[in-house]
Amino acid sequence: MNKLFAANWKMHKTASEAGQTAAELLRLVSGSLKPGREVLILPPFTALAPVAEALRGAQNFFAGAQNFYPQKQGAFTGEVAPGMLLDLGAGFALTGHSERRHVLGETDEMVGQKTAFGLESGLSIILCVGEKIDERRAGQLAAVLERQLRAGVAAVPRDVQPARLAVAYEPVWAIGTGEVAGPTEILEAHALVRRLLVDIFGAAGMQMRILYGGSVKPDNASEIIALDNVDGVLVGGASLKADDFSRIVLA
Ligand code: PGA
C-alpha cells in the first residue's frame, strides 16, 4: 500500500497563498518522490480550487478537504456538501479531527455520519481518532480509540474499498504542541487501530492505511514513517511551508 503524506493546513492561507505553496511543493518534490508515496494537501475550502489546479496532472498528488456536511444539498447555511468538493477536484476529506471534536463539538455519532456519507458520495476518507492527555493518564487509550473508531465506521459498508478509508491516530496532546508521541506510544496505538480494523473489516483491515499525526516535523518524519503499521503522516504546522513539508515527504 502507498504511504500517504497529508498536509492539514487548517485555517491558514488565502486562495492565492495556497495555490503558490502547492505549486512550490510540487516543484520541490516532483521528480524526487519515492515510489509508493502519495501527497495530499488539505487546504481551507476557499483555497481548494487553486490547490487542485496547481496539482492537476501531477501523479500521486491529491487535494482534499478538512470537513464537509453529510447531506447532498439543502438548507444548511454555511455548510459544504461532498459533491461540491468533488467538483472542485477534492478526492479526500478528513472526518473526526480533534479540533472538530473538541473545539467545534462534533460527537462520535456525527463523525460516523460524515464518514459513511463522505464515502458513499465518492470521497476517500481519513477518519481521525486520538485520546486527550487526561484519558491517556487514566489508562483509557484503548477504550477511547475503540469507541471513536467503532462509532466512526458504524455505518460504513463492510465491503468498502480499503484504499478509500484511512485512519489517522492523532493523540490530542501531541497536536500543535511540539510534543511528538514516542515510537513505543505510536506502535501501541497503531497496533490497537490495526486490530480493530481487522476485527471490523476482516482482511481488508490489513490494507487500510493508518497515519500518525501530532507534531510531525522534518527531523522526526523518517523515524515515524518507518514504524510498523505507520502508513503515512498527517501534518499540521510543519506542512505550511513548502520547504518543511517537502523535507517530510522526501524523508
Ligand atoms: P500538528 O497538527 O502537526 O501541527 O501537530 C497535526 C494535525 O492536527 O493534523
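Structure notes:
- Couplings for segment 52-67, taken from phi via the Karplus curve 6.51 cos²θ - 1.76 cosθ + 1.60 with θ = phi - 60°, read 4, 5, 4, 8, 3, x, 7, 5, 6, 10, 9, 10, x, 10, 8, 6 Hz in order; Gly and Pro are left as x.
- Highest mean packing first, where packing is the average number of other Cβ atoms within 10 Å per residue, the peptides 76-89, 12-25 line up as 12-25, 76-89.
- The lysine pair tally for segment 3-249, using Cα distances under 23 Å and a gap of 8 or more places or different chains, is 15.
- Sequence-distant residues sharing a close amide H with Cys128 (under 5 Å, placed H): Thr95, Gly96, His97, Ala168
- Where the alpha-carbon atoms of the chain are placed on the principal axes, they occupy 46, 44, 34 Å, in descending order.
- Farthest toward the positive end of the dipole of the chain, out of Phe76, Ala116, Asn60, is the Cα of Asn60, where the dipole comes from beta carbon charges about the Cα centre.
- Label positions at Ala203 and Ser32, each projected 7 Å from the Cα along the C-beta direction, are separated by 4.0 nm.
- Once you reduce segment 189-216 and segment 19-55 to the center of their Cα atoms, the two points are 25 Å from each other.
- If you plug the beta carbon distance of Leu187 and Thr46 into 1/(1 + (r/R0)^6) with R0 = 30 Å, you get a FRET efficiency near 0.20.
- Furthest towards positive pole of dipole, Gly139, Pro183, Thr14, structure part segment 3-249, Cβ charges: Thr14
- Pair Glu120, Ala15: separation of 7 Å Cα→Cβ label points (nm): 3.1
- As a calculated quantity, the FRET efficiency between Arg195 and Glu79 at R0 = 41 Å, using C-beta atoms, amounts to about 0.75.
- Residue-span extension gain [Leu104 to Arg147] - 0.36 nm each, minus C-alpha spacing: 13.6 nm
- Cut-off 20 Å, label 7 Å out along Cα→Cβ of Glu179, residues of segment 224-251 by amide N: 224, 234-238
- Derived value for segment 53-127: Kirkwood hydrodynamic radius 12.8 Å. Basis is the mean of 1/r over every pair of different alpha-carbon atoms.
- Take every Cα pair under 8 Å whose residues are at least 6 apart in sequence, average their separation, divide by the length of segment 3-249, and the relative contact order is 20 percent.
- Dipole axis of the chain (+1 Lys, Arg; -1 Asp, Glu on Cβ), positive-most option in Gly105, Tyr212, Val39: Val39
- Dipole magnitude of segment 182-249, debye to nearest 20 (Cβ charges: Lys/Arg +1, Asp/Glu -1, about Cα centre): 180
- Coordinate range along principal axes, alpha carbons of segment 10-92, Å, largest first: 46, 26, 19
Only the coordinates and a few stated rules stand behind these numbers; no lab work does. Predicted model only: the values in this text are computed from it and were never measured. Cβ sites come from the backbone with ideal geometry, for glycine too, and all protein chains shown count toward neighbours.
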